[in-house]
Amino acid sequence: MYKSATLKADNSVDIVKLLSENLEVKIEKENNEYCIDIPKELGDGHIKAISFENGISLIEVDVLLNKSFRIRFKKDELNPLILLFNVESKVTHSNSSNENENKIERFESLMFSNDMKDYNTLLIHKNKATSFIKIYINRKEFEKKLDHFEDNMGSDLETIFKDVNGVNLFSYKGQYSMEISEAIDAIKNCESEGLVKSMFIESKTYEILTLHFQQYTDDLNDPKKRQILRRSTIDKVEKAAKIVNEDLAANYSVNQLAKKVGLNQNTLQSGFQHLFNSSVNDYVKSKRIIKAKELIENTDLNITEITYSIGINSRSYFSKLFKEKYKLTPKEYLDQVRKDKTA
């Protein structure tokens, strides 16, 4: 069973106003932010919109619906450039020029604009925690902000932004970066109020736009030459770290560990450097020595048993690593721990 709505609007604030009428719910306004709560018969959650200067507006959606909700967006005066960043369960996008449905999964983004005869549809699926933001750019209003950068914009971005009336159909889907994910979280978790909140969200919105357009040009490169780590890649790096921590005795090579999480060696190494400021091998060594210290403190295992339990086959090598980190050999530290326990 579906709930549906057709909205004729070019910015997030007008969309929320129309949704409030369609859903027959009250709209709350605080400064330049508009918010509606989802009616109980449809589910739970809220939808917020906030507008800024130069034709930028943002809509934030956090809902859990008991009916799938299909929203058709029609052009009012012009077609904006729209960027959708999905945080949770998939949403489905389609447009009238292309019958194929485009599933936007978690940590994926979609940048698009309709043509003059086109409309687009967004499907929010029932019984799925759904969270995303959409940024609307009125390119006619935004054009004056670009005047000083026209010579340095690059042909790819110039093509997008010079279509101020949204005459051409455009669509680009990708996986967004960890930095964009952090900026989205900052918007969603902002606890400031009034002017400070508005200024903070506006700054984070521009940060997201900057990072996204950098990523868009990066995505035009050969995949092997891309410089920006995607959020989905970070998840795989974190999965690799979890595999290491759950079985320190296992002696995975970097290549084996990379294959287990679906990455190549170079990407895994870059991810560990980004997240942990360490190579894969140095991360494993550090975690093993930390675990060894815990075993010395909390078990009756001898040094040889501890050495093998953390995946190191040489007691002298273990002793060297331990002393580098804690300035004592394992035997010296064990003697100290036993002395403290009997004191």
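What the table below lists for this structure:
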{"read-out": "Subset of segment 252-278 (residues that are crowded, with 19+ Cβ neighbours inside 10 Å and in a helix (DSSP H, G or I))", "value": "Leu257, Ala258, Val261, Thr267, Leu268, Gly271, Phe272"}
{"read-out": "All positions within segment 1-23 that are under 18 Å from Gly43 (Cα atoms) and among the hydroxyl-bearing types (Ser, Thr, Tyr)", "value": "Tyr2, Ser4, Ser20"}
{"read-out": "Answer from Leu19, Leu65, Leu23, Leu42 - the residue that is closer than 25 Å to Asp115 by Cβ, open to solvent by less than 20 Å² (accessible area, probe 1.4 Å) and not aromatic (Phe, Trp, Tyr)", "value": "Leu19"}
{"read-out": "For Ala249: the one exception among (1) open to solvent by less than 20 Å² (accessible area, probe 1.4 Å); (2) touching a Phe, Trp or Tyr at 6+ places or on another chain (Cβ under 8 Å)", "value": "(1)"}
{"read-out": "Looking only at segment 115-130, and only at residues there that are surrounded by 20 or more Cβ atoms within 10 Å (Cβ to Cβ) and polar (S, T, N, Q), the one that is modelled with the lowest pLDDT", "value": "Asn120"}
{"read-out": "Yes/no for Lys17 being assigned to a loop (DSSP other than H, G, I, E, B), on the phi < 0 side of the Ramachandran plot and of a type in the set (Lys, Arg)", "value": "no"}
{"read-out": "Residue tally, condition among the aliphatic types (A, V, I, L, M) and farther than 18 Å from Asp247 by Cβ, over segment 294-326", "value": "3"}
{"read-out": "Residue list for segment 162-205, filter: more than 14 Å from the chain's Cα centre (by Cα), among the aromatic types (Phe, Trp, Tyr) and outside any strand (DSSP E or B)", "value": "Phe200"}
{"read-out": "Verdict on Lys74 being surrounded by fewer than 17 Cβ atoms within 10 Å (Cβ to Cβ) and under 16 Å from Gly166 (Cβ atoms)", "value": "yes"}
{"read-out": "Residue check for Leu220: under 30 Å from Ser57 (Cβ atoms), open to solvent by 30 Å² or more (accessible area, probe 1.4 Å) and in contact with a helix residue (DSSP H, G or I) (Cβ under 9 Å, 6 or more places away or on another chain)", "value": "yes"}
{"read-out": "Complete set of residues in segment 78-121 that are over 16 Å from Tyr172 (Cβ atoms), assigned to a strand (DSSP E or B) and not aliphatic (A, V, I, L, M)", "value": "Thr92, Glu99, Glu101, Thr121"}
{"read-out": "Residues of segment 131-141 satisfying the condition of being open to solvent by 80 Å² or more (accessible area, probe 1.4 Å) and either part of a loop (DSSP other than H, G, I, E, B) or not basic (Lys, Arg) (or both)", "value": "Glu141"}
{"read-out": "Of all residues making up segment 315-343, the number that are of a type in the set (S, T, N, Q), loosely packed, with under 11 Cβ neighbours inside 10 Å and under 20 Å from Tyr283 (Cα atoms)", "value": "1"}
{"read-out": "Sole residue being of a type outside the set (S, T, N, Q), assigned to a helix (DSSP H, G or I) and modelled with pLDDT under 80, chosen from Lys144, Lys236", "value": "Lys144"}
{"read-out": "Options Leu195, Leu220, Leu229, Leu209: the member that is farther than 18 Å from Ile133 by Cα and at pLDDT 85 or above", "value": "Leu195"}
{"read-out": "Test result for Ile59, buried (at least 19 other Cβ atoms within 10 Å of the Cβ) and either more than 27 Å from Ala183 (Cβ to Cβ) or of a type in the set (A, V, I, L, M) (or both)", "value": "yes"}
{"read-out": "Qualifying residue in segment 252-274 (condition: in contact with a Gly (Cβ under 9 Å, 6 or more places away or on another chain) and either farther than 30 Å from Lys341 by Cα or without any contact (Cβ under 8 Å) to a residue 12 or more places away in the chain (or both))", "value": "yes"}
{"read-out": "Yes/no for Glu60 being outside any strand (DSSP E or B), within 20 Å of the chain's Cα centre (by Cα), of a type outside the set (Lys, Arg) and within 24 Å of Glu207 (Cα to Cα)", "value": "no"}
{"read-out": "Qualifying position, being over 20 Å from Phe142 (Cβ atoms), in contact with a strand residue (DSSP E or B) (Cβ under 8 Å, 6 or more places away or on another chain) and of a type in the set (D, E, K, R), among Asp44, Asp10, Asp76", "value": "Asp44"}
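The values are calculated or read from the model by the stated rules, or taken from the named source; none is laboratory data. As the structure is a computational prediction, the values presented were derived from the model and not from experiment. Every residue, glycine among them, receives a Cβ derived from its backbone with ideal geometry; neighbour counts consider all protein chains shown. Side chains included, ligands, DNA and RNA excluded: accessible areas come from the protein's heavy atoms. Shrake-Rupley method; radii C 1.70, N 1.55, O 1.52, S 1.80 Å.
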